[in-house]
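Shown next, in structure tokens, is the structure this report addresses.
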Amino acid sequence: MRLSNSLLAVFFLSVAICSCGLLDKKKHRMRQEDSFYTDAGGLLDLPRIPLLKPYELLRSGNEWRMELNTPVYGLSVHNVRGVKVSRNRILIHSVGGTQILFGTLFKDYEEAWFIIDSSTHKERAFVNEKKYKDTLRSLRLTDTALLMPTPLYASFEKSGRINWQR
């Protein structure tokens, strides 16, 4: 009888812990403590801004760039001037030249926008701002004001946190 009461108590305790969100908080805390989200690079490494794992901005010389995981549009986005993470999507604005693969040809574009879904690794490029903004609206993304990478990096390096980490 004692054994069945003990097992029953353990069962109800497990259900209570799962339903009150303690496990979710622990999972969230583990994500925040992940070195991917806290390492600013620097000294021996390239300065970096974590976006959503595995995406990051890297500064090479005076240029911020982001490597793409599925080279549908090219290998990386160069000259990043604006960045934002909104609802598991990375928003990027590039000014000053990025090569984009459309069809079978690479072409240089002076200005481009990217929307990357970190959960599916779907990477979309836009060379028309209206199409980019229309896509943001269709995705129901409202928090889309882009931030300049250099001041964002300075704040991240100082605080150890990036503004889209909660």
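Give region 133-162 a look and list any residue that's surrounded by fewer than 17 Cβ atoms within 10 Å (Cβ to Cβ), in contact with a Phe, Trp or Tyr (Cβ under 9 Å, 6 or more places away or on another chain) and part of a helix (DSSP H, G or I), or say none. Within region 133-162, Lys133, Thr135, Thr150 meet the criteria. When region 118-131 is filtered for residues that are within 20 Å of Asn69 (Cβ to Cβ), touching a strand residue (DSSP E or B) at 6+ places or on another chain (Cβ under 8 Å) and either loosely packed, with under 15 Cβ neighbours inside 10 Å or of a type outside the set (S, T, N, Q) (or both), the ones remaining, listed by number, are Lys122, Glu123, Arg124, Ala125, Phe126. Screening Trp164 against (1) of a type outside the set (Val, Ile, Thr); (2) touching a Gly at 6+ places or on another chain (Cβ under 8 Å); (3) within 16 Å of Glu56 (Cβ to Cβ) leaves a single unmet condition, (2).
Throughout, read-outs are computed from the coordinates displayed, never taken from laboratory work. Because the structure is predicted, anything quoted here is derived from the model rather than measured. Glycine also receives a Cβ, built like all others from the backbone with ideal geometry; neighbour counts cover every protein chain displayed.
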